[in-house]
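Engineer: What follows is a single structure, and I will ask about it in a moment.
The values are calculated or read from the model by the stated rules, or taken from the named source; none is laboratory data. Quick caveat, the model's predicted, so the values are computed rather than measured. Don't worry about glycine lacking a Cβ; one is built from the backbone with ideal geometry, like all the others, and counts go over all protein chains shown. Ligands, DNA and RNA are excluded from the accessible area calculation, which covers all protein heavy atoms including side chains. Shrake-Rupley method; radii C 1.70, N 1.55, O 1.52, S 1.80 Å.
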Amino acid sequence: MSALTELSARALADGVRKGEFTARAVADAHLARVAAVDPKVQAFLKVLGAEAMAAAEAVDAKRAAGKPLGSLAGVPVALKDNICLTGAQTSCASRILEGYAAPYDATVTERLKAADAVILGKTNMDEFAMGSSTENSAYFPTRNPWDLERVPGGSSGGSAAAVAAGMAPLALGSDTGGSIRQPGALCGIVGLKPTYGAVSRYGLVAFASSLDQIGPLARSADDAALALSVIGGHDPKDSTSLPGPARDYLAESAGDLKGLRLGLPREYLESGLEPDMRRALDASLDALKARGAVVRDVGMPHTRYALSVYYIIAPSEASSNLSRFDGVRFGPRKTGPGGSLLELYEESRGAGFGPEVKRRIMLGAYALSSGYYDAYYLKAQKVRTLIKADFDAAFGEVDLLVTPTTPGPAFRFGEKTDDPLQMYLSDVFTLPCNLAGVGGVSVPAGLSASGLPLGVQFMARSGEDHLLVRAARAVEEAGLFKGAPAL
Amino acid sequence: MSLGAEAVRKVARLARLKLSDAELTRFAGQMDRVLEHMADLAALDTEKVQPTAHALGLTNVLRPDVPAPETDRERILANAPEREGPYVKVPKVIE
């Protein structure tokens, strides 16, 4: 790794603004790192080398012309391939969007560009963000930089691996049930899912609209806060975007933990936590207490139902959202022998979607179908109310919830692919957060006996994402997690 | 409960998905396992509970209707599998 690829996003932007190095040199160093390690890691579906160099040169020209530079001046950013970037592929790692070039920028993309960031490329993911290992990409799996025989987590596995491997200091992902936090934990970086509505989803290919949220992956809590400050704030193009201007999460997260009340939900610890994970959690709790936080047990009795609720609601919304992929306006079109429109739909979708996407569309269509709607979809929405009420009650007693991010470290390729339910269970700690619409962050908190990263998760009240940053920073400062992947 | 291949075939038809026989059999078994897990919800009394569609309190979100530059039509049409002039070409819909 060259020195520039080891710097934080914040230091890179400072350096570019002050003229210590050029944006061009920064982009060059990161593209060289991509060329050196991505053949092994396979984080990127598409590297935008020429575009990145041109964007970097534009930043340098802006500085030379004496114009002020944005808060991500010259900072390379990797975008998950479900986020639109004009003219670049946005495939969602699916065959059904093969060759699709986004006709417009997502709002987050627009804001990154306005802050003078340099978009480095589009990262691999589980197809349509459905999965927890990036093995569901229709193109190739991404490997965990810490152990190339293991998964990086998912669905934002490419974004997490790119940041962990030093190919980009920052990446954006999307999190519907843990897809930023879980790969963040498995790759040893910070992954932050903001409060539902805190970041615009205009230009994010929808998976489950009542749960999806865009957020940053970074090597530090500060960098995640910096990115969130750029991409957050109201957007008139997204009717689910919260009112209010962009916030400065770096400034708001300043301060210590004195008197901060942390809740440890008993129900998260009942099911099998691997011993290494338990040790990492306990060490984090000790560090937080030493910094003045108060830790107490809380009860969230409906936690055990979150998996069922999630795997009814998310597939139901997906079956509706993904009906737009029908071979008519974009993507490969396949026709049947009769030449009918119905055949065109069935053939294009049958050939274009991978197995997990088909499975979830089917589950959703079933849960929404006549005769089953009340028993599945409506029931799940009602239990979602109870899960949300658990959060409301807990946040009446404490300021933050702290849990493991995952039951254990990164698993091996193929370990969970035959049994969808086993794969779904790897998100058991991250799903409830999305159902409640609150923000959550995973921060590295130690290494397993076999040298793999482990993460702890914090969740805060809606709109209090700055507290997530503050708590994550405190865990970082405790120094429980050290090292970098050897590549 | 068990879905069976016929029910799975019906759902696939509803979802406009062409599935092979092998996929039908595999999905039937896997969906059974997942639905079995979801049976845990039935034990909860939710008669007096209101459903949550959305965690956000916002309703009827409006913005001023002001003309603004639209997405470049050429970029949209460039993605179409078939086009004719400024239109996306589709098979005959009305017999």
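Engineer: Could you calculate, for segment A:3-259, the ratio of the Cα radius of gyration to the Kirkwood radius, expressed as Rg to Rh?
Structural biologist: Details: Rg = 16.6 Å, Rh = 17.6 Å.
Here the Rg-to-Rh quotient is 0.94.
Engineer: Show me the trypsin sites (Lys or Arg not before Pro) within segment B:9-52 that DSSP assigns to loop and that have at most 12 other Cβ atoms within 10 Å of their Cβ. It would help to have the intermediate numbers written out before the result.
Structural biologist: Working: sites: B:R9, B:K10, B:R13, B:R16, B:K18, B:R26, B:R33, B:K48; in loops: B:R16, B:K18, B:K48.
Here the trypsin sites (Lys or Arg not before Pro) that fit, given the DSSP loop and packing criteria, are B:K48.
Engineer: Quick one: Cα centre-to-centre distance for segment B:23-64 and segment A:264-338, in angstrom?
Structural biologist: 14 Å
Engineer: Here's a follow-up. What does the average come to when, for each residue of peptide B:6-16, you count the partner chain Cβ atoms lying within 10 Å of its Cβ?
Structural biologist: Numbers: counts 0, 2, 2, 0, 3, 11, 8, 3, 8, 16, 15.
Neighbouring Cβ atoms belonging to other protein chains average 6 per residue here.
Engineer: How large is the dipole of segment A:173-323 about the Cα centre if only Lys and Arg carry +1 and Asp and Glu carry -1, each at its Cβ, rounded to the nearest 20 debye? Don't skip to the answer; put the middle values down first.
Structural biologist: On the way: 15 positive and 17 negative charges, 52 e Å.
Charge dipole, segment A:173-323, about its Cα centre: 240 debye, nearest 20.
Engineer: Could you sort the peptides A:269-279, A:161-171, A:328-338, A:140-150 by per-residue average Cβ neighbour count (10 Å cutoff), highest mean leading? Mind showing how you got there, number by number?
Structural biologist: Working: A:269-279: 14.9, A:161-171: 30.9, A:328-338: 16.6, A:140-150: 21.6.
Result, highest mean first: A:161-171, A:140-150, A:328-338, A:269-279.
Engineer: Also, quick follow-up: If you take the C-alpha gyration tensor of the protein assembly as shown, multiply each eigenvalue by 5 and take the square root, what semi-axes do you get, largest first, in whole Å? Mind showing how you got there, number by number?
Structural biologist: Details: eigenvalues 236, 193, 99 Å².
Value: 34, 31, 22 Å, ordered largest first.
Engineer: Can you give me the distance in nm between label points at A:K40 and B:V88, each placed 7 Å from the Cα along the Cα-to-Cβ direction?
Structural biologist: Inter-label distance under the simple model: 4.3 nm.
Engineer: Report the one residue of A:G203, A:W146, A:T405 whose Cα lies farthest in the direction of the positive end of the charge dipole of chain A (charges on C-beta: Lys and Arg +1, Asp and Glu -1; origin at the Cα centre).
Structural biologist: A:G203
Engineer: Can you pull the mean other chain C-beta count within 10 Å for peptide A:364-377?
Structural biologist: Numbers: counts 2, 8, 10, 3, 3, 5, 1, 0, 2, 0, 0, 4, 3, 1.
Partner-chain Cβ atoms within 10 Å, mean over residues of A:364-377: 3.
Engineer: Expressed in nm to one decimal, what extension gain is obtained for the pair A:V294 and A:M53 from 0.36 nm per residue of sequence separation less their Cα-Cα distance?
Structural biologist: Details: separation 241, 0.36 × 241 = 86.76 nm, distance 4.83 nm.
Gain in length upon complete extension: 81.9 nm.
Engineer: Here is a follow-up. Per 0.36 nm of contour for each residue apart, how much would the distance between A:S271 and A:A3 grow if the chain were fully extended, relative to their Cα-Cα spacing? Provide the component values of the computation, followed by the final result.
Structural biologist: Numbers: separation 268, 0.36 × 268 = 96.48 nm, distance 4.27 nm.
Fully extending the segment from A:S271 to A:A3 adds 92.2 nm.
Engineer: Next up: Express in nm, to one decimal, how much length is gained between A:K67 and A:R278 on full extension, taking 0.36 nm for each residue of separation and deducting their alpha carbon distance. Walk me through the numbers on the way to the answer.
Structural biologist: Values: separation 211, 0.36 × 211 = 75.96 nm, distance 5.07 nm.
Net length gain for the segment: 70.9 nm.
Engineer: Then there's this: When ranked by the protection proxy of mean other Cβ atoms within 10 Å per residue, highest first, what sequence do the peptides A:408-416, B:64-72, A:439-447, B:81-89 form?
Structural biologist: By packing density, highest mean first, the sequence is A:439-447, A:408-416, B:81-89, B:64-72.
Engineer: Give the relative contact order (percent, whole number) for chain B; include only Cα pairs under 8 Å separated by 6+ residues.
Structural biologist: Numbers: 27 pairs, mean separation 17.0, N = 95.
Worked out over chain B, it gives 18 percent.
Engineer: Relative contact order for chain A: what is it in percent, counting Cα pairs under 8 Å that are at least 6 residues apart? List each step's numbers first, then the result.
Structural biologist: Working: 1217 pairs, mean separation 84.3, N = 487.
Reported as a whole number, the value is 17 percent.
Engineer: Taking each residue in A:328-334, count the Cβ atoms of any other chain within 10 Å of its Cβ, then average. What number comes out? Mind showing how you got there, number by number?
Structural biologist: Working: counts 7, 8, 7, 3, 1, 6, 2.
Rounded to a whole number, the mean comes out at 5.
Engineer: Continuing with this model, one more query. For segment A:3-259, what does the relative contact order come out to in percent, with C-alpha contacts under 8 Å and a separation of six or more? Write out the running numbers ahead of the final one.
Structural biologist: Working: 649 pairs, mean separation 46.0, N = 257.
The value is 18 percent.
Engineer: I want to check the label-to-label distance for B:T71 and A:S340. Put each point 7 Å from Cα in the C-beta direction and report it in nm to one decimal.
Structural biologist: Here the answer is 3.0 nm between the modelled labels.
Engineer: Given a Förster distance of 30 angstrom, what is the FRET efficiency for B:S2 paired with A:S320, based on the Cβ-Cβ distance and rounded to 0.05? Provide the component values of the computation, followed by the final result.
Structural biologist: On the way: r = 26 Å, r/R0 = 0.86.
Rounded to the nearest 0.05, the efficiency is 0.70.
Engineer: Here is a follow-up. Ranked from highest to lowest mean number of other Cβ atoms within 10 Å per residue, what is the order of the peptides A:456-463, A:181-188, A:33-40? Spell out each step's value before the answer.
Structural biologist: Details: A:456-463: 24.6, A:181-188: 34.9, A:33-40: 17.2.
The densest-packed peptide leads the list: A:181-188, A:456-463, A:33-40.
Engineer: Only four residue types carry charge here, +1 at the Cβ of Lys and Arg and -1 at the Cβ of Asp and Glu. Report the dipole size of segment A:304-374 about the Cα centre in Debye, rounded to the nearest 20. Numbers along the way, then the final one.
Structural biologist: On the way: 9 positive and 7 negative charges, 43 e Å.
Roughly 200 debye for segment A:304-374.
Engineer: Let me ask something additional. For segment A:58-109 and segment A:391-426, what is the separation of their Cα centres, given in Å?
Structural biologist: Going from one Cα centre to the other spans 31 Å.
Engineer: Hey, can you list the residues from segment A:221-247 whose accessible area shrinks by 20 Å² or more with all protein chains present, relative to the chain by itself (probe 1.4 Å, no ligands or nucleic acids)?
Structural biologist: Those residues are A:P236, A:S239, A:T240, A:L242.
Engineer: Run the simple label-point estimate for A:A254 and B:T59 please: 7 Å along Cα→C-beta, distance reported in nm.
Structural biologist: Each label point lies 7 Å from its Cα, and together they span 4.1 nm.
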